[in-house]
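Q: Let me give you the structure first, and then I'll get to my questions.
The values are calculated or read from the model by the stated rules, or taken from the named source; none is laboratory data. Every value quoted in this text rests on a predicted model; they were computed, and no experiment measured them. Glycine gets a Cβ as well: all are built from the backbone with ideal geometry, and neighbour counts include every protein chain shown. When the accessible area is computed, the model is the full protein with side chains, heavy atoms only, and any ligands, DNA or RNA have been set aside. Shrake-Rupley method; radii C 1.70, N 1.55, O 1.52, S 1.80 Å.
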2 protein chains.
Amino acid sequence: MSSVPGWANVNERRNLPPALAVSTVILGIREGHDGGPDKLCLPLVRRIRQPHAGLWALPGGPVDASESLGQAAGRSLADTTGLRPSYLEQLYTFGDIDRSPTHRLVTIAYFALLNADQVGATVQDENVAWFDIDDPNMAQLAFDHRKIVDYALWRLRNKTEYGQIAHRLLGERFTLAALRGVYEAILGRRLDPANFRRTLKNTATIEATEEYLAGGQHRPPRLYRYVGHGPDPLEVDPSQG
Amino acid sequence: MSSVPGWANVNERRNLPPALAVSTVILGIREGHDGGPDKLCLPLVRRIRQPHAGLWALPGGPVDASESLGQAAGRSLADTTGLRPSYLEQLYTFGDIDRSPTHRLVTIAYFALLNADQVGATVQDENVAWFDIDDPNMAQLAFDHRKIVDYALWRLRNKTEYGQIAHRLLGERFTLAALRGVYEAILGRRLDPANFRRTLKNTATIEATEEYLAGGQHRPPRLYRYVGHGPDPLEVDPSQG
DNA sequence: TTCGTTAGAGTCATTCTGACATTAAGTGTC
DNA sequence: GACACTTAATGTCAGAATGACTCTAACGAA
């Protein structure tokens, strides 16, 4: 993030089009401790340049002339955090005049999901860290990034089809209890295990495998697999990024 | 649309940030003739400059440095068509590299609704015209505007809350039959009048008035009013545009 | 072997939904 | 004025979906 192509300094860019950037809200799931509920969490990067140097911000960067918007989101994410999420979806474009104190900045916000394995493998240092969504440190982020995070959570909770979303927060195979934990973290309330099982069996996007999860304390649960249909019309394929 | 501030020509803008524009899909409702179902329709403007000169396109224009994105959508809409819709919502941002043959163009698409009175009062000339969404002329639009229209229709059909949307396509007061016509046009299928009435009574966002619509051929229907709650977190207020 | 815990299936009452019947209230025709 | 016709509005009923709950199965730990 030291030399930023495409972003001229304030004086140079009078009368030029707005600077264009992408930022990504990356959500992952973290197991609750002491049997508590699972929690949604996300990685933030510390800003090392003005404006808002020192504050935590969403990972992102400027849009390169040679890449599409989705590609820019995927690339800038890999550059700043090393993460390559399995799901990437455009969220909203923020372009109020005064959202940056130094220049006119239009940000296309993306929304990404990471499965549990990827969350665990993340390297953290003093400039990249994970926060629970209810962490007090989340109160003050750079720019209007707090607003962007809130909007991402609102969208997640109002998704009509959780199937896709939930399975992308887990691995390829998962137990129904783990899937229920994801739903509970998103919705913020407990669900009845029996009814949850029945409902999912009717959706036909979840398929039982013949494998069971061994090594637990109690009766080993069956593993399931997601067999959902095609993506939304404008969903991003992160493998192209 | 003759002199477009902010858009340099192709040679000038090598190595500059992408050009930023807004385009708006404005949907209105038109009564079906011969008792047929109501139809969704939208206004298009004919392009008078390259690229794609002569083709029909969504109304829009570049984003001015002094206005927010929503304001740019509202203003460019008034400039090109004279329309001032009662509802404006951001749809999606399109930024593929090759979506314009002459330059890198990022378009923030908006989605607007007009009520029946506003549709009727629109002036049409050879460069501004309304089309039914199933009109064959809609097959070839400038840029990727056909894709934008399709996405707007998909979003409209998948809205969880039709209440707001439907009432903005009608006037302040409306009959249940008119509201049902809007739903049928959006969903593309007939609905049972009795069940439709029952469902709406349970939503509590529609309120009966003491007025009746006179002048019809048959039993005069009661007029209803929309009393919905607040807007979505990021909904645009078009009165600010 | 017993106990504690989770997996998974089943029961039952309530609510929601689609299909359809019935009554109410106006206009136009003879 | 009687009648047919059309739409408005309410009611009924069966099947599906939902929430709360019970019961049995299968493991590890003691």
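Q: Out of curiosity, is A:ALA121 more than 16 Å from the chain's Cα centre (by Cα), aliphatic (A, V, I, L, M) and more than 16 Å from DNA strand C (Cβ to nearest atom)?
A: no
Q: Then there's this: On the basis of being among the small types (Gly, Ala, Ser) and under 19 Å from B:HIS33 (Cα atoms), does B:GLY181 make the cut?
A: yes
Q: Would you point out which residue out of A:GLY188, A:GLY95, A:GLY171, A:GLY163 is within 14 Å of chain B (Cβ to nearest Cβ) and small (Gly, Ala, Ser)?
A: A:GLY95
Q: Let me ask you something else. Given the condition modelled with pLDDT under 90, within 16 Å of DNA strand D (Cβ to nearest atom) and within 22 Å of B:GLU89 (Cβ to Cβ), answer yes or no: does some residue in region B:137-159 qualify?
A: Within region B:137-159, not a single residue is modelled with pLDDT under 90, within 16 Å of DNA strand D (Cβ to nearest atom) and within 22 Å of B:GLU89 (Cβ to Cβ).
Q: Assess whether A:ALA214 counts as being surrounded by fewer than 12 Cβ atoms within 10 Å (Cβ to Cβ), in a loop (DSSP other than H, G, I, E, B) and near DNA strand D (Cβ under 8 Å from one of its atoms).
A: The answer is yes for A:ALA214.
Q: What is the one condition in (1) out of contact with any Phe, Trp or Tyr (no Cβ under 6 Å at 6 or more places or on another chain); (2) within 14 Å of DNA strand D (Cβ to nearest atom); (3) open to solvent by 60 Å² or more (accessible area, probe 1.4 Å) that B:LEU179 does not satisfy?
A: With (1) out of contact with any Phe, Trp or Tyr (no Cβ under 6 Å at 6 or more places or on another chain); (2) within 14 Å of DNA strand D (Cβ to nearest atom); (3) open to solvent by 60 Å² or more (accessible area, probe 1.4 Å) applied to B:LEU179, the lone miss is (3).
Q: Here's something else I'd like to know. With the structure loaded, tell me whether B:PRO51 is open to solvent by less than 30 Å² (accessible area, probe 1.4 Å), farther than 30 Å from B:GLU172 by Cα and within 14 Å of chain A (Cβ to nearest Cβ) or whether it fails that test.
A: No.
Q: When you scan region B:89-111, do you find a residue that is among the aliphatic types (A, V, I, L, M), farther than 21 Å from A:ALA72 by Cα and modelled with pLDDT under 95, even just one?
A: No.
Q: Also, I was wondering about something else. Have a look at A:ILE148, A:ILE108 and point out the one that is buried (at least 17 other Cβ atoms within 10 Å of the Cβ) and under 19 Å from A:CYS41 (Cα atoms).
A: A:ILE148
Q: Failed condition for B:GLY120, given (1) open to solvent by 40 Å² or more (accessible area, probe 1.4 Å); (2) farther than 27 Å from B:GLN164 by Cβ, with all others met?
A: Condition not satisfied by B:GLY120: (2).
Q: Would you be able to say whether some residue in region B:192-207 is open to solvent by 40 Å² or more (accessible area, probe 1.4 Å), at pLDDT below 90 and over 26 Å from A:TRP154 (Cβ atoms)?
A: Yes, the conditions are met somewhere in region B:192-207.
Q: Continuing with this model, one more query. Provide a single number: the residues in region A:54-66 that are open to solvent by 20 Å² or more (accessible area, probe 1.4 Å) and within 14 Å of chain B (Cβ to nearest Cβ).
A: Number of matching residues: 4.
Every residue, every condition in (1) in a helix (DSSP H, G or I); (2) away from DNA strand C (no atom under 14 Å from the Cβ), yes or no:
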site: B:ILE165; (1), (2): yes, yes
site: B:ALA178; (1), (2): yes, yes
site: B:TYR183; (1), (2): yes, no
site: B:ILE186; (1), (2): yes, yes
site: B:LEU191; (1), (2): no, no
site: B:ALA194; (1), (2): yes, no
site: B:ARG197; (1), (2): yes, no
site: B:LYS201; (1), (2): yes, no
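Q: Please work out which residue is modelled with the lowest pLDDT, limiting yourself to region B:71-86 and to residues that are over 15 Å from B:ASN127 (Cβ atoms) and open to solvent by 10 Å² or more (accessible area, probe 1.4 Å).
A: Checked region B:71-86; the qualifying residue modelled with the lowest pLDDT is B:SER86.
Q: Out of all the residues in region A:90-104, is one or more of a type in the set (A, V, I, L, M, F, W, C) and open to solvent by 20 Å² or more (accessible area, probe 1.4 Å)?
A: Yes: region A:90-104 contains one or more residues that are of a type in the set (A, V, I, L, M, F, W, C) and open to solvent by 20 Å² or more (accessible area, probe 1.4 Å).
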